[in-house]
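I have placed the structure first, in the form of structure tokens, so that the comments after it can refer back to it.
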Amino acid sequence: MSNDTGGPAFPTHLNLTQGMSLRDYFAAKALPAIYKDTCECGRVEGWVEGWRNEVAAEAYAMADAMLKARN
């Protein structure tokens, strides 16, 4: 996983708080689709141990790809 967070997702001119990183925001946006696909596969093929960790890892992998695509 990348250490690049992309900076704050919602920067302000005052910059009082960093809040959510852009990487976290991208991961959160990717999460529903990845979760849905995983649930569909789980129902058909069976659930595997640690599937939740895999969903989270996939969401952050997608976020990393989105950050890379921005450059």
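The values are calculated or read from the model by the stated rules, or taken from the named source; none is laboratory data. Quantities reported herein were computed from a predicted structural model and do not represent experimental measurements. Heads up, the Cβs are rebuilt from the backbone with ideal geometry, glycines too, and the neighbour counts pull from every protein chain shown. For accessibility, only protein heavy atoms count, side chains too; no ligands or nucleic acids. Shrake-Rupley method; radii C 1.70, N 1.55, O 1.52, S 1.80 Å.
Take region 54-71 and flag every residue that is open to solvent by 40 Å² or more (accessible area, probe 1.4 Å) and within 24 Å of Gly7 (Cα to Cα). Listed by number, the residues that qualify are Ala56, Glu58, Tyr60, Ala61, Met62, Ala65, Met66, Lys68, Ala69, Arg70, Asn71. Candidates in region 27-49 are the residues that are among the small types (Gly, Ala, Ser) and modelled with pLDDT under 95; of these, the one that is surrounded by the most Cβ atoms within 10 Å (Cβ to Cβ) is Gly42. Of the numbered criteria (1) at pLDDT 90 or above; (2) open to solvent by less than 60 Å² (accessible area, probe 1.4 Å); (3) on the phi < 0 side of the Ramachandran plot; (4) among the small types (Gly, Ala, Ser), the one Ser21 fails is (1).
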